[in-house]
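Working notes, beginning with the structure itself.
Each reported figure results from applying straightforward, stated rules to the coordinates on display, with no laboratory input. This structure is a prediction, so every number in the text was calculated from the model and none was measured. Glycine gets a Cβ as well: all are built from the backbone with ideal geometry, and neighbour counts include every protein chain shown.
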Amino acid sequence: MFDYSFIDLDDTLFNTYIFKEDILECFARCGVTKEDYYDSYRQAVFGPVEGYFDYTFKKHADILRNLNYQIPDSTIDDLNNLLKKNYNDSQAEQFLLGIKKISHKLILLTAGEPELQKKKIDSTGLAKYFDQIEIIDGGKSQKIVAVAGQANKILFVNDNFKENIQLKHDLPYVLVIAKKHKVLWKEDNYQSIDLPYFDSLIEIKDYATRSL
């Protein structure tokens, strides 16, 4: 059994890439170009330090307004209404049920602006599977140590290539498994480091089970 299993939200359980494309569609109705959307999204996501996250719909809209786009308040309402859709990975529930069987504690560990992250979590209906939910702006290694203490049988599942490298460097005793992000990271990225990665959550669950 793992003492703790820490599971990421964005692009692990929640299809954030599709969510971001739907955000683009909302802003595109206001005339926003793809180039300005992606540039403004990157500005809106990161706080003062890269790797720390601070995205809100209003922050993103205000950046676009500063580029002279007319973004009405009704667009913010449209963006909030996106979270009435189901962005869950199709295997998320089955995956969590499987990981619970091999873990004493199951922790959702997600980085982002707290209010928006909570709305995303609520939209998934998956909170019931977790013993604890931790929403932070960044620094996942520090949070794992704060939560797990001296435990050394720890699983961490996450899509973010850079975060996984950093966490394995900080906490080499943690089993870090990547869910392959098919858009943001290339196959060569994952092959360049000695960390297991898989296309699907069920493959991750099976690998984690075999590793015990």
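Can you tell which of Ile193, Leu96, Thr16 lies farthest toward the positive end of the dipole of the chain, using +1 and -1 charges on the Cβ of basic and acidic side chains (Lys, Arg; Asp, Glu)?
Going by the charge dipole, the pick is Leu96.
Note down, for the range 88-212, the three equivalent ellipsoid semi-axes (square root of 5 times each alpha carbon gyration tensor eigenvalue), biggest first, whole angstrom. Please list the in-between numbers first.
Working: eigenvalues 80, 61, 56 Å².
Semi-axes (√(5λ), whole Å): 20, 17, 17.
What net charge is computed for the residues neighbouring Asp73, neighbours being all others with C-beta under 13 Å from the C-beta of Asp73, Lys and Arg scored +1, Asp and Glu -1?
Details: positive: Lys58, Arg65; negative: Asp62, Asp77, Asp78.
That sum, taken over residues with Cβ under 13 Å, equals -1.
State to the nearest 20 debye the size of the charge dipole of the range 16-84 about its Cα centre, where the only charges are +1 on K and R beta carbons and -1 on D and E beta carbons. Could you put the intermediate results ahead of the total?
Numbers: 8 positive and 12 negative charges, 11 e Å.
The dipole of the range 16-84 has a size of about 60 debye.
Enumerate by residue number the trypsin sites (Lys or Arg not before Pro) in the range 33-85 meeting two conditions: DSSP loop (anything except H, G, I, E, B), and at most 13 other Cβ atoms within 10 Å of the site's Cβ.
Qualifying residues, ordered by number: Lys85.
Can you pull out the GluC sites (Glu not before Pro) in the range 1-84 whose DSSP state is coil and whose Cβ has at most 16 other Cβ atoms within 10 Å?
Working: sites: Glu21, Glu25, Glu35, Glu50; in loops: Glu50.
Listed in order of number, the matching sites are Glu50.
Listing Asp78, Asp11, Asp36, Asp122 from the residue with the fewest other Cβ atoms within 10 Å to the one with the most, what is the order? Write down the numbers at each step before the final one.
On the way: Asp78 18, Asp11 23, Asp36 15, Asp122 11.
Ranked by crowding around the Cβ, least crowded first: Asp122, Asp36, Asp78, Asp11.
If we count other beta carbons within 10 Å of each Cβ, what is the order of Val32, Val147, fewest first?
Working: Val32 21, Val147 16.
Starting with the residue having the fewest Cβ neighbours, the order is Val147, Val32.
Ranked by Cβ crowding within 10 angstrom, fewest neighbours first, how are Leu97, Leu106 ordered?
Fewest to most other Cβ atoms nearby, the residues stand as Leu97, Leu106.
Mind running the shape call on the range 54-146? Use the C-alpha gyration tensor, a ≥ b ≥ c as the square roots of the eigenvalues: rounded below 1.5 for a/c, prolate if a/b tops b/c, oblate otherwise. Could the numbers behind the result be given before it?
Working: a/c = 3.69, a/b = 1.82, b/c = 2.02.
Oblate shape, in that a/c is at least 1.5 and b/c is the bigger or equal ratio.
Which of the trypsin sites (Lys or Arg not before Pro) across the range 121-212 are loop residues per DSSP, with 15 or fewer other Cβ within 10 Å?
Numbers: sites: Lys128, Lys140, Lys143, Lys153, Lys162, Lys168, Lys179, Lys180, Lys182, Lys186, Lys205, Arg210; in loops: Lys153, Lys180, Lys182, Lys186.
Hits after loop and neighbour filter: Lys182, Lys186.
Relative to the Cα centre, what is the charge dipole magnitude of the chain, using +1 at the beta carbon of each Lys and Arg, -1 at the beta carbon of each Asp and Glu, and rounding to the nearest 20 debye?
The calculated dipole for the chain is roughly 540 debye.
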